[in-house]
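Enquirer: Have a look at the structure that comes next, please.
The values are calculated or read from the model by the stated rules, or taken from the named source; none is laboratory data. It should be emphasised that the depicted structure is a prediction, and the values quoted were computed from it without experimental measurement. Reconstructed Cβ throughout: ideal geometry from the backbone, glycine too, with neighbour counts over all protein chains shown. Just the protein is used for accessible areas: all its heavy atoms, side chains included, with ligands, DNA and RNA removed. Shrake-Rupley method; radii C 1.70, N 1.55, O 1.52, S 1.80 Å.
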Amino acid sequence: MKHIDLKATLTWRDVALRALLVLVSVTIMVWFMPRDTQQKFKIELNKPWRYADLTAPFDFLILKSEALLNAQRDSVLRDFEPYYILNRAIGEEKVRDFIKDYNKVFPNVSNDGKSIIANRLRQFYVGGIIDTAEPLLFNGDTLRAIRMVSGNTAINISSSRLHTAKGAYELLVGDERLKTHKEILSELNLNDYIVPNLFYDRMRSETSRQSLIDSVAIGSGMAVAGQKLIDRGTIVDEQLYLLLMSYQRESELRTQSKSQLTTTVIGELLYVLLLMTGFTIFLSIFRSDYFEQLRSVVMIYSLIVIFSVFASFMVSHNLFHVFVIPFAMVPIFIRVFMDSRTAFMAHTVLVLITACVLQHPLDFVAVEMTAGLTAILSLRDLSSRSQLLWTAAAVTMACCLMVLALNMIEAPGFNNLTFGDYNYLFICGLVLFCSYPLLYVIEKTFGYTSNITLIELSDMNKELLRRMSEEAPGTFQHSIQVSNLGAEIARKIGAKAQLVRTGALYHDIGKLQNPIYFTENQSGGFNPHEQLTDIESAQTIISHVTEGLKLAEKYNLPDTIKAFIATHHGQGKAKFFYVNYKNTHPDEEVDDLLFTYPGPNPFTKEQAILMMADSVEAASRSLSDYTEQNIRSLVDRIIDGMLAEGYFRECPITFRDIQYSKTVLVEKLKTVYHTRVTYPELKK
């Protein structure tokens, strides 16, 4: 029973591999961390300021509200005068076309109508017929004037003097002087001679429009460096809201230099590396059994990396709230497969790493540490699916109470309490309900066995156990007795009782191959070993270990159960046949390997418990008188023999644990084999 030394069990290659795992984990987490280190705040209108007193570190412009800025811009845009280019050639061409067409239709006819229409067209074109096909449509109600560009000059033209093609046509055909010239209107389509000659100048107009917009100042004043902006607990009114938003905007505009970015990355690397290194040292010193198992280290680091990267992704992309991430899953999974202390330390490291990327880390640390502690305390022994549901409910309730407490500390009164964070916590609680299927995924991925799986394997309707009860009933009863004894010992010395119970039920399944060769299954006085030599009998007995491992492989039993099958006899001997062979062959050198179980010896406390319970229960059936002295003598002899043979040298079990185990075995066997009262017969 020597202490397992880390230096003796891990090679330099193993240590280097774990160091590389730490560096890879740190690199991944730092890579995904947001690079925007500017201080940000959650500014809520008409809510108390939740952060420390804020002083301006630099001068910045106090911005106007969006509504005020838009109103002022709309006001100046009322004086906006778009630019239109006058094309005089179009008017002259269309007047000539009219005169030419008139002369064709009415040759050698002098008519005042021609001159009336021609003069009227010239007036329209001189004043300008505006093009309404452009995005800025002509609307006399809103457009007061335009800037008409002719050559190198631009003059203001009132919108009342402008015409559209449709308006000009209506004015022309409605002219009183043309009522006596209906033949002209019927023969000539005057629409053909009325077209726009004022075209929208987009470039000049947009430049003028933007100039007017830019003329409106976006700020209403300046805040100077050193000015107190707000005190903690002050209600954020509209004026303070604009002041704080202006400060945050200016902070974001002050971009980082390359040297600042390098400093930030180095700081994040050092921060995460210190936390991960400290946690690794904790594992190597206080939880060396987990540290030696690479799968345990990989599982813990994977959980920390996945959840921290997910939090960084949400913060970088401003998705929801970080409270929706079920960080409590990490201590739940580690607690189920390992222990409470490791779960707490891993959760603490995860929370501190994640807090580095958040805007208000203190609230986050308080809430998530409460969630982790609640999850660990509520999962002392996972034995049913309902416990995970209760854990999710308990974690959600504890987090809500912590948020309420923080709000009450920061808020000046009950009327100022905020309840927005509770929605995210309830979503997180719903996600925690998914712990059970994810538990199964982790169990299969990393080769662990949860208590729920062990309980399911303990079901007597499982095929292997049902076969044992039918084909090897003596072995089945022996296994049940051993499971009860082992579970009681495990509870007494702080081992995993359910693991021992399940392992005990399956430890002798190899006897299903030849059940008649084992004493507990024999009846009628027939013993098949009488027809075999001692070596053949020993090989048959020893084979139940290898046959059991084959059955376990066939039925996909977990590795932890296979370990019980392989170690419940350790590297001991089939002593009955070994001693009998030596007695019958005193002068012959005996090959001990022919009578030795393949092993290995127990390497966990639970396997040592099973070995003790199995050997004592089997030997107790040979007692002729079940007195306390006989039982105690039997227990001491068998277990002291195991110690002398060195079966527990590779197992972390103490002399105190062994002494408690002896006491439990004696008391339980006394109860099992107690003398019953003889009932009297009724006299006739």
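Enquirer: Computed over the Cα atoms of the stretch 577-617, what is the convex hull's projected area averaged over all directions, in nm²?
Expert: Mean orientational projected area (the stretch 577-617, Cα hull): 3.8 nm².
Enquirer: Which of the listed residues, Ile658, Gly641, Ile631, is farthest toward the dipole's positive end in the stretch 631-678, when Lys, Arg count +1 and Asp, Glu count -1 at the beta-carbon?
Expert: Looking along the dipole axis, the top candidate is Ile631.
Enquirer: Same structure again: Using modelled backbone amide H atoms (1.01 Å from N, in-plane), which distant-in-sequence or interchain residues come within less than 5 Å of Gly572's amide H?
Expert: For Gly572, the qualifying residues are Tyr597.
Enquirer: So, with +1 on the Cβ of K and R and -1 on the Cβ of D and E, and no other charges, what is the size of the charge dipole of the chain about its Cα centre, to the nearest 20 debye?
Expert: Dipole magnitude for the chain comes out near 1240 debye.
Enquirer: A further question on this structure: Using the basic label-point model (7 angstrom from Cα toward the beta carbon), what is the Thr264 to Ala217 distance in nanometres?
Expert: It is 3.3 nm.
Enquirer: From the phi angles alone, apply the Karplus equation (6.51, -1.76, 1.60; θ = phi - 60°) to the stretch 459-474 and give each ³J(HN,Hα) in whole Hz, x where the residue is Gly or Pro.
Expert: Values per residue, Gly and Pro as x: 5, 5, 8, 4, 4, 5, 5, 5, 4, 5, 5, 8, 9, 9, x, x Hz.
Enquirer: Mind listing the long-range amide H neighbours of Tyr83? Cut-off is under 5 Å, sequence gap 5 or more, other chains count too, H placed in the peptide plane at 1.01 Å from N.
Expert: Residues meeting the amide H criterion: Arg147, Asp201, Ser205.
Enquirer: Using alpha carbons only, how many degrees (0 to 90, rounded to 10) separate the axis of helix 202-214 from the longest principal axis of the chain?
Expert: In the chain, helix 202-214 runs at an angle near 70 degrees to the longest axis.
Enquirer: Determine the equivalent ellipsoid of the stretch 557-679 by diagonalising the alpha-carbon gyration tensor, then write out the semi-axes as square roots of 5 times the eigenvalues, largest first, rounded to whole Å.
Expert: Listed largest to smallest, the semi-axes of the stretch 557-679 are 27, 22, 13 Å.
Enquirer: Checking the cross-link filter: which lysines have an alpha carbon closer than 24 Å to that of Lys64, excluding same-chain neighbours under 8 positions apart?
Expert: Filter leaves Lys40, Lys42, Lys47, Lys228.
Enquirer: Related question: Taking all protein chains as present, what is the carbon and sulfur share of the accessible area of the stretch 461-530, in % to the nearest whole number, probe 1.4 Å?
Expert: 42 percent
Enquirer: Right, next: Do the alpha carbons of any pairs in Lys511/Lys562; Lys575/Lys662; Lys550/Lys662; Lys100/Lys179; Lys496/Lys670; Lys550/Lys670 sit beyond 26 Å of each other, and which pairs?
Expert: As for pairs spanning more than 26 Å Cα to Cα, those are Lys550/Lys662; Lys550/Lys670.
Enquirer: Specify the angular offset, from 0 to 90 degrees and rounded to the nearest 10, of the alpha carbon long axis of helix 605-620 from the longest principal axis of the alpha carbons in the chain.
Expert: Value to nearest ten degrees: 30.
Enquirer: Another question about this same structure. Among DSSP beta bridges whose residues both lie in the chain, state the antiparallel percentage, nearest 5.
Expert: 75 percent
Enquirer: As I understand it, the dipole of the chain uses +1 on the Cβ of Lys and Arg and -1 on the Cβ of Asp and Glu, about the Cα centre. Which of Ala343, Val579, Met314 lies farthest toward its positive end?
Expert: Farthest along the dipole direction, towards plus: Met314.
Enquirer: Å³ per residue of the Cα convex hull, for the stretch 413-524?
Expert: Per-residue hull volume (Cα only) is 174 Å³.
Enquirer: Let me have the relative contact order for the stretch 396-515, percent, based on Cα pairs under 8 Å that are six or more residues apart.
Expert: Across the stretch 396-515, relative contact order equals 20 percent.
Enquirer: Please compute the per residue accessible area over the chain with all protein chains in place, 1.4 Å probe, rounded to a whole number of Å².
Expert: So the chain comes to 53 Å² accessible per residue, rounded to a whole number.
Enquirer: I need the phi-derived Karplus couplings for the stretch 147-156: 6.51 cos²θ - 1.76 cosθ + 1.60, θ = phi - 60°, integer Hz, Gly and Pro marked x.
Expert: 9, 8, 9, 10, x, 9, 10, 10, 10, 7
Enquirer: Pairs of Cα atoms under 8 Å, at least six residues apart: use those to get the relative contact order of the chain, whole percent.
Expert: 14 percent
Enquirer: Would you work out the charge dipole size for the stretch 562-617 about its Cα centre, treating the Cβ of every Lys and Arg as +1 and the Cβ of every Asp and Glu as -1, and quote it to the nearest 20 debye?
Expert: Around 280 debye, computed over the stretch 562-617.
Enquirer: Something else now. Could you run the Karplus curve 6.51 cos²θ - 1.76 cosθ + 1.60 with θ = phi - 60° over the stretch 304-319 and give me ³J(HN,Hα) per residue in whole Hz, x for Gly and Pro?
Expert: Listing the rounded values in order: 5, 5, 4, 6, 5, 5, 4, 5, 4, 5, 5, 5, 4, 9, 6, 9 Hz.
Enquirer: His163's amide H: which non-local residues (gap 5+, or another chain) put their own amide H closer than 5 Å, with H modeled 1.01 Å from N in plane and none for Pro or chain starts?
Expert: Ile130
Enquirer: Do the sum for the chain: with -39,500 (n - 2.57) for every DSSP H run of n ≥ 4, divided by all residues, what is the mean residue ellipticity at 222 nm, to the nearest 500 deg cm²/dmol?
Expert: -19000 deg cm²/dmol
Enquirer: Compute the acute angle (0 to 90°) between the alpha-carbon long axis of helix 534-554 and the principal axis of greatest extent of the alpha-carbon atoms of the chain; round to the nearest 10°.
Expert: That helix lies at roughly 10 degrees to the long axis.
Enquirer: Out of Phe286, Thr560, Leu212, whose Cα points farthest toward the positive end of the dipole of the chain (charges: +1 Lys, Arg; -1 Asp, Glu; placed on Cβ)?
Expert: Working it through, the farthest residue towards the positive pole turns out to be Leu212.
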